[in-house]
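The block underneath contains the structure these notes are about, expressed in structure tokens.
The numbers here are math on the coordinates, done by the rules we state, and not lab data. On a predicted model such as this, the values are computed, not experimentally measured, just so you know. With ideal geometry, Cβ positions are generated from the backbone for all residues, glycine too; neighbour counts draw on all protein chains shown.
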Amino acid sequence: MIIALTVFRNVVVLLLSGLQLAMLVRAVLSWFPIEPNKFINFIYAITEPVIAPIRALFDKMGWFRGLPIDMSFMASYLLIALLLLIL
């Protein structure tokens, strides 16, 4: 049972680390005017399901309106980092 939990924990940590890396790639790619391609579409397809609910919450509450930085992206990244710290 302990081995199964350890394997599960390691898989979750690996997936969260991969998601965190994809978010970093998305942030760096947003600095450059690049035409959308399969790689960029893949990165957005992976990261958007994590960012969209937080963005919707921030919009609903009216938080961080008018800022030039996407705070929902920052909050998502910090939430993933917190989950990795807990695990």
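Brief remarks follow.
- Checking [x] 7.1; [y] 6.1; [z] 5.6 against mean projected area of the Cα convex hull in nm² calculated from these atoms, the matching label is [x].
- A Förster distance of 22 Å, applied to the separation of the beta-carbon atoms of V28 and L85, puts the FRET efficiency at 0.45.
- A straight chain from A52 to V13 at 0.36 nm per residue would run longer than the Cα-Cα distance by 11.9 nm.
- Size of charge dipole - the chain - debye, nearest 20, with Cβ of Lys, Arg +1 and Asp, Glu -1, no other charges: 120 debye
- Sorted peptide list for 52-59, 8-15, 73-80, criterion being average Cβ within 10 angstrom, highest first: 73-80, 52-59, 8-15
- Karplus-derived 3J(HN,Hα), 6.51/-1.76/1.60, for each residue of region 56-73, Hz, glycine and proline x: 5, 5, 4, 5, 5, 7, x, 7, 6, 6, x, 7, x, 9, 6, 5, 5, 5
- Taking 0.36 nm per residue of sequence separation and removing the Cα-Cα distance, the M74/F39 pair yields an extension gain of 10.4 nm.
- Relative contact order of region 2-86, pairs being alpha-carbon contacts under 8 Å that are 6 or more residues apart, as %: 35 percent
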